[in-house]
1. Look at Thr4 and say whether it is surrounded by 17 or more Cβ atoms within 10 Å (Cβ to Cβ), part of a helix (DSSP H, G or I) and polar (S, T, N, Q).
2. Using the structure shown, decide if Glu22 is in contact with an Asp or Glu (Cβ under 8 Å, 6 or more places away or on another chain) and not β-branched (Val, Ile, Thr).
3. Please determine whether any residue of the range 45-52 is at pLDDT 95 or above, touching a helix residue (DSSP H, G or I) at 6+ places or on another chain (Cβ under 9 Å) and assigned to a helix (DSSP H, G or I).
4. Residues Arg70, Arg41, Arg27: which one is of a type in the set (Lys, Arg), crowded, with 16+ Cβ neighbours inside 10 Å and at pLDDT 95 or above?
5. Working carefully through the options Gly66, Gly40, Gly29, find the one that is more than 12 Å from Leu6 (Cβ to Cβ), free of Cβ contacts under 8 Å to residues at least 24 places away in the same chain and touching a strand residue (DSSP E or B) at 6+ places or on another chain (Cβ under 9 Å).
6. Residues in the range 55-63: is at least one free of Cβ contacts under 8 Å to residues at least 60 places away in the same chain, on the phi < 0 side of the Ramachandran plot, surrounded by fewer than 18 Cβ atoms within 10 Å (Cβ to Cβ) and not charged (D, E, K, R)?
7. Checking Thr24 against (1) in contact with a strand residue (DSSP E or B) (Cβ under 7 Å, 6 or more places away or on another chain); (2) outside any loop (DSSP other than H, G, I, E, B); (3) of a type in the set (Ser, Thr, Tyr), which single condition isn't satisfied?
Amino acid sequence: MKATHLLIEGVVQGVGFRFFTERTGRRLGVRGFVRNLPDGRVEVVAAAAPGVVSLFVEEMRRGPRGARVRSVTTSEIDLVDEPTEFEIRA
């Protein structure tokens, strides 16, 4: 299983981005979480098979209607606790 950390910048808060991310993650079978950061970015941790993670990242680059994604920075990470589902965190 591959785990990827994403930092998403642009107009990504107040436009349903977290709900879009949760729905996309659950639809694709990705496990992890999404949360807003105080600086206006959205943080995501996504764990799934490599091909699924790539597809998920492409969906994040598009975002929901109303969002304007300026950049998505990704890095592979090691998970300490493997998530069992995809969730929105505060």
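1. no
2. Yes: the conditions hold for Glu22.
3. Among the residues of the range 45-52, at least one is at pLDDT 95 or above, touching a helix residue (DSSP H, G or I) at 6+ places or on another chain (Cβ under 9 Å) and assigned to a helix (DSSP H, G or I), which makes the answer yes.
4. Of Arg70, Arg41, Arg27, the one residue that is of a type in the set (Lys, Arg), crowded, with 16+ Cβ neighbours inside 10 Å and at pLDDT 95 or above is Arg41.
5. Gly29
6. Yes, some residue in the range 55-63 is free of Cβ contacts under 8 Å to residues at least 60 places away in the same chain, on the phi < 0 side of the Ramachandran plot, surrounded by fewer than 18 Cβ atoms within 10 Å (Cβ to Cβ) and not charged (D, E, K, R).
7. Of the numbered conditions (1) in contact with a strand residue (DSSP E or B) (Cβ under 7 Å, 6 or more places away or on another chain); (2) outside any loop (DSSP other than H, G, I, E, B); (3) of a type in the set (Ser, Thr, Tyr), the odd one out for Thr24 is (1).
The values are calculated or read from the model by the stated rules, or taken from the named source; none is laboratory data. The structure displayed is predicted, hence computed values, not measured ones. Positions of Cβ are backbone-derived with ideal geometry, glycine not excepted, and every protein chain shown enters the neighbour counts.
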